[in-house]
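Report on the following structure.
The values are calculated or read from the model by the stated rules, or taken from the named source; none is laboratory data. Note that the structure is predicted; figures quoted are calculated from it, not measured. Cβ coordinates were reconstructed from backbone atoms using ideal geometry, including for glycine residues, and neighbour counts include every protein chain displayed. Just the protein is used for accessible areas: all its heavy atoms, side chains included, with ligands, DNA and RNA removed. Shrake-Rupley method; radii C 1.70, N 1.55, O 1.52, S 1.80 Å.
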Amino acid sequence: MGASFEKCCGLLSLLETEHSLPRESWRELICGHTPELQSEAALRAMAVRRRYYGNRVFLRGLIEFTNFCRNNCYYCGIRAGNSKAQRYRLTESDILAAADHGYELGFRTVVLQGGEDPAFGDDNLARIVEKLKAAHPDCAVTLSCGERPFEVYRRWKDAGADRYLLRHESADPAHYAKLHPAVQILSTRLECLRMLRELHYQVGAGFMVGSPYQTVETLAEDLTFLSEFKPEMVGIGPFIPHCDTPFGHEKAGSVDLTVYLLSLIRLALPGVLLPATTALATLDPDGRRKGLFAGANVIMPNLSPPTVREKYLLYNNKAHTGLESAESYRKLIESLAGLGFEAGPDRGDHIKEMQK
Ligand code: 5AD
């Protein structure tokens, strides 16, 4: 049995002022999840987001630059063991062209996301980051390409990278071990997050909602971790099975729970950059709007060349519409405006302290 609505509202107030909760209170808030509480949390999260960011929503142009990966995460469609995946690797000129196109459209953050692909070359990526920053000094570059040695993270930072996304996936070591082969361990992942922070990246963590073996306890651990580590960005989306993975027959995560957790994360980390993710939009055609109305403030449209887009399949039925044209960019801006949000050419950096 979850705590009463009144008790949970008290916990939301505490979260809003303290930005953290004891584990037991996180558990109560998770167990107490009802449609009514979800609406209450969303209203409060929207108000907090408005205090920090007004009605601005930030767009990130996502370039999925390689789907080769040396890892074997049990949930992920581009895992090394999936021999059915059609592998691709973009060239430097593909990536620079996609970024130029994004710039023309109005994007001021490029996110380079890929599997852990040793053949891509760490220096190759460093050179690409340098060229991106030289071509568009007013753009932020975000990297999202897994666990690397400190020296590699440093090289990429020196090349000009601003941010790094590395979801922690689960802050509970036993749960983490059920999602990954034995060579991948939570402590390595957390060490990478600490290295990224030390190098002054804006750091992103996060997890899937409803991943197999996730429990109220593991979720309470995730929320505790986020409120302590205080990442500048948090990515959460529902787990969605991919048929050619060991978790192909597991059931998908809940859209409502994802939306509710977005609100709790906004209350815990008021200035956080929080995307309404593609996975949320994949499970629910209205997912992006629901995410924004729960406190999210980032959208990451796909800028990868259309020819490779359907190959970057982390899960089945992934929405692979992108923004090829100025026309679709304009439509996105207009639909956001229709919802009361303003999205313009803006790097959209993290706000640490509230602006007076
Ligand atoms: N469902 C939802 N999200 C997934 N990811 C990987 N596989 C899936 C899946 N089947 C997420 C992971 C990873 C991010 C890039 O995508 O959390 O960190």
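Here are the numbers for the structure shown:
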{"read-out": "All lysines inside 27 Å of Lys7 as judged from Cα atoms, apart from same-chain residues fewer than 8 positions distant", "value": "Lys230, Lys290"}
{"read-out": "Between the stretch 44-59 and the stretch 146-171, the alpha-carbon center distance in angstrom", "value": "27 Å"}
{"read-out": "Mean ellipticity per residue at 222 nm, deg cm²/dmol - from DSSP H runs of n ≥ 4 across the chain, formula -39500 (n - 2.57)", "value": "-13500 deg cm²/dmol"}
{"read-out": "Lone cysteines, the chain (no partner Cβ under 4.7 Å)", "value": "Cys8, Cys9, Cys31, Cys69, Cys139, Cys145, Cys192, Cys243"}
{"read-out": "5 angstrom amide H check on Arg56, placed H, neighbours 5+ away", "value": "Glu342"}
{"read-out": "Relative contact order (%) - the stretch 5-338, alpha-carbon pairs under 8 angstrom, separation at least six", "value": "23 percent"}
{"read-out": "Shape call, the stretch 223-345: gyration tensor on alpha carbons, a/c limit 1.5", "value": "oblate"}
{"read-out": "Residue-level accessible surface for Leu21, protein heavy atoms, 1.4 Å, Å²", "value": "20 Å²"}
{"read-out": "Viscosity 0.890 mPa s, temperature 25 °C, Stokes-Einstein D of the chain from Kirkwood C-alpha radius, µm²/s", "value": "120 µm²/s"}
{"read-out": "Using a Förster distance of 30 Å, the FRET efficiency for Glu198-Arg89 (Cβ separation, nearest 0.05)", "value": "0.50"}
{"read-out": "Label-point gap, in nm, between Glu36 and His19 - each point 7 angstrom along Cα→Cβ", "value": "3.2 nm"}
{"read-out": "Solvent-accessible area per residue for the stretch 5-338 (1.4 angstrom probe, square angstrom)", "value": "39 Å²"}
{"read-out": "Around Leu12: net Lys/Arg minus Asp/Glu count, Cβ-Cβ under 14 Å", "value": "-3"}
{"read-out": "Alpha-carbon centroid distance for the pair the stretch 1-38 / the stretch 212-247, whole angstrom", "value": "18 Å"}
{"read-out": "Glu104 - accessible surface, heavy atoms, 1.4 Å probe, Å² rounded to 10", "value": "150 Å²"}
{"read-out": "Test item: Cα-centred dipole of the chain, Lys/Arg +1 and Asp/Glu -1 on Cβ, debye", "value": "240 debye"}
{"read-out": "Carbon/sulfur fraction of accessible area - the stretch 5-338, other protein chains in place, 1.4 Å, %", "value": "54 percent"}
{"read-out": "Positive-pole candidate from Thr224, Leu267, Gln214, dipole of the chain, charges at beta carbon", "value": "Leu267"}
